[in-house]
Amino acid sequence: MIERDDLDGLLDRFFAEGPLEIADDVIEASLLTIDTTAQRRAGFDPRRTLAMTNPARFGLAAAAVLAVALLGTVVLPAVQGTAGRSPSATLGAAIPPSNLPPSAIPSIASSPTASTGPTLLAPLGYPGTGTIVFARLHTGRDDQATFMIDVGGSREASLRVSVGWGGATSLPGTGCCAVLSPDGRQVAVGYDEINPGRGAGALAAGQILDIGGSSPGSPLRTIPTECGGCGSINNINYVPSAWSADASLIAAEVWNDTDPTRDGINLAPIHGHDWAMQVTGAHPDVPVAFSPDGSRLLFVRRSSSGSTGTLMVASIKTTKGVITAGQPRAISAAGEGVYVDGYFGPAASWSPDGMRIAYAATDATGSANAMTVYVVDASGGTPKAIAGPAAFITFARWSPDGTWIAFDLPTGGAGTHDEYVIHPDGSSSTNLTARFNPGVCCGRWAPDSSALLVAGTAGGDDQSDLVIVPVNGDPIFQVTRSPAFYTDFSWSPATR
């Protein structure tokens, strides 16, 4: 617990000795990272934080993370308004004790596997099938890597790349960004590499690894397989972000730590061809998802603040081996902000038939205190609000069977976020975790639409574990037992 006077002194020294000029929008974005919930919307993207080698770029990200870590349960006064900016809502309020009866908190007595680690949030031993893939980062350890684990919580295994680009063997570990293939039997990951021949850039390339084959976790190929003399991959960070439905293309977010003209979306064919560079232009664009038929790519164009941006769509064509993109079209309205980072996961999704898009966005002021879930025709038109507005609704995820859209929001007055589902027409909004004490965030669907995989915690986001929440009200189960930041997690139908 930090005393009030200590916090005041710390802030006074920071503003006296630190940067003298900080833009209003940056200040507001930083303040909004501090929320009242056990699942704080920190806007923390380990992918970029770990890859930032430029101290000036790292500074604000580090300050935001430090602020979240320091404030914890400190009660802050209402933020005073500054010129050109409206006062923010009260931030950082202490989490009051839960008013739920003990019977509402899942018992761990019936867990089929005894806990050998921290106190469980829910029983282990989910009875379903499949494999969970995720990236995990422990606070203060700089150890982000990717893993797979059975849905019941057993057989956790690291997905580590043993040999990098051009035979490089100086590999600190597999970095992040696990993206499943359409059939869920393979996974693309971004990996860290120290290779003097490549120049600066921490996330060197991507590699495809096996999940459901004869040797789970074994590397199959590096992407891109060709690099046009390698000029296109030198001095860049490479993050696999979306896989086309026919498994022919991987869309990657690419950026250079010091040269923004190198930023963009690159498309890497899986088999034997050079990649298509900056298909949507030299912009800080982040791929979200290919349409089900592979003809369009949904992506977010980051704003100057980096944590949100404009949701856009572009057509993708391949003609005689040459990949091109059409002129991008904005989906979200001017001023709205769509979140993009590995912790929250994709903020938008396609309907299974590719006819509509669901997304979560701030209002036109850009305030994360008023976010709404929208559904819009993929061909254009006026978005229809189906949930919200509320603080920090950071994603809208369509179920594989098309029945539900998942999102989460703060409810109940206890400062925690709950996981919700709602029909695409806005009916039958259901709180799936109303009687689950920990806060939850960022659900990803089971392949059969029966449940959601979420990050859950009774503390800060860096103390989360993965939890499975069935849609039909069946008991909630825990998957992992290593509290940390969990990012880029997903559920494969493949069974090892």
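The values are calculated or read from the model by the stated rules, or taken from the named source; none is laboratory data. Small disclaimer: the values here were computed from a predicted structure and weren't measured. A quick note on method: Cβ atoms are made from the backbone with ideal geometry, for glycine too, and the neighbour counts reach across all protein chains shown. Just the protein is used for accessible areas: all its heavy atoms, side chains included, with ligands, DNA and RNA removed. Shrake-Rupley method; radii C 1.70, N 1.55, O 1.52, S 1.80 Å.
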Check whether at least one residue in region 195-204 is open to solvent by less than 10 Å² (accessible area, probe 1.4 Å), modelled with pLDDT under 85 and closer than 25 Å to residue 137 by Cα, and report yes or no. yes
Tell me, yes or no, whether region 133-147 has at least one residue that is open to solvent by less than 10 Å² (accessible area, probe 1.4 Å), more than 21 Å from residue 244 (Cβ to Cβ) and among the aliphatic types (A, V, I, L, M). yes
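Which residues, counting only those in region 439-448, are open to solvent by 10 Å² or more (accessible area, probe 1.4 Å) and not acidic (Asp, Glu)? So that I can check it myself, show each step before the final result.
Residues of region 439-448 that are open to solvent by 10 Å² or more (accessible area, probe 1.4 Å), as a first pass: 444-445, 447-448.
Residues satisfying the conditions are 444, 445, 447.
Residue 405 - would you say it is crowded, with 22+ Cβ neighbours inside 10 Å and within 19 Å of the chain's Cα centre (by Cα)?
Values: crowded, with 22+ Cβ neighbours inside 10 Å: yes; within 19 Å of the chain's Cα centre (by Cα): yes.
Against the criterion (crowded, with 22+ Cβ neighbours inside 10 Å and within 19 Å of the chain's Cα centre (by Cα)), residue 405 qualifies.
Would you confirm, using the coordinates I've provided, whether residue 349 is touching a residue at least 24 places away in the same chain (Cβ under 8 Å), open to solvent by 10 Å² or more (accessible area, probe 1.4 Å) and within 14 Å of the chain's Cα centre (by Cα)?
Details: touching a residue at least 24 places away in the same chain (Cβ under 8 Å): yes; open to solvent by 10 Å² or more (accessible area, probe 1.4 Å): yes; within 14 Å of the chain's Cα centre (by Cα): yes.
Yes.
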Qualifying position, being among the aliphatic types (A, V, I, L, M), touching a residue at least 40 places away in the same chain (Cβ under 8 Å) and in a loop (DSSP other than H, G, I, E, B), among 368, 364, 334, 358: 368
Where residues in region 399-417 are modelled with pLDDT of 95 or more and part of a strand (DSSP E or B), which of them is farthest from residue 494 (Cα to Cα)? 407
For region 157-180, which residues satisfy the criterion of being under 21 Å from the mean Cα position of the chain (by Cα) and part of a loop (DSSP other than H, G, I, E, B)? 159, 160
Name every residue in region 260-284 that is open to solvent by 50 Å² or more (accessible area, probe 1.4 Å), modelled with pLDDT under 90 and either over 18 Å from residue 299 (Cα atoms) or in contact with a helix residue (DSSP H, G or I) (Cβ under 6 Å, 6 or more places away or on another chain) (or both), in order of residue number. 271, 273, 274
Within the bounds of region 337-346, is there any residue that is part of a strand (DSSP E or B) and open to solvent by 30 Å² or more (accessible area, probe 1.4 Å)? no
Residues of region 274-329 being touching a Lys or Arg at 6+ places or on another chain (Cβ under 6 Å) and either among the β-branched types (Val, Ile, Thr) or assigned to a strand (DSSP E or B) (or both), in sequence order, are 285, 309, 310, 312, 313, 315, 324
Going through region 439-491 one residue at a time, which ones are of a type in the set (Gly, Ala, Ser), closer than 23 Å to residue 181 by Cβ and free of Cβ contacts under 8 Å to residues at least 60 places away in the same chain? 443, 449
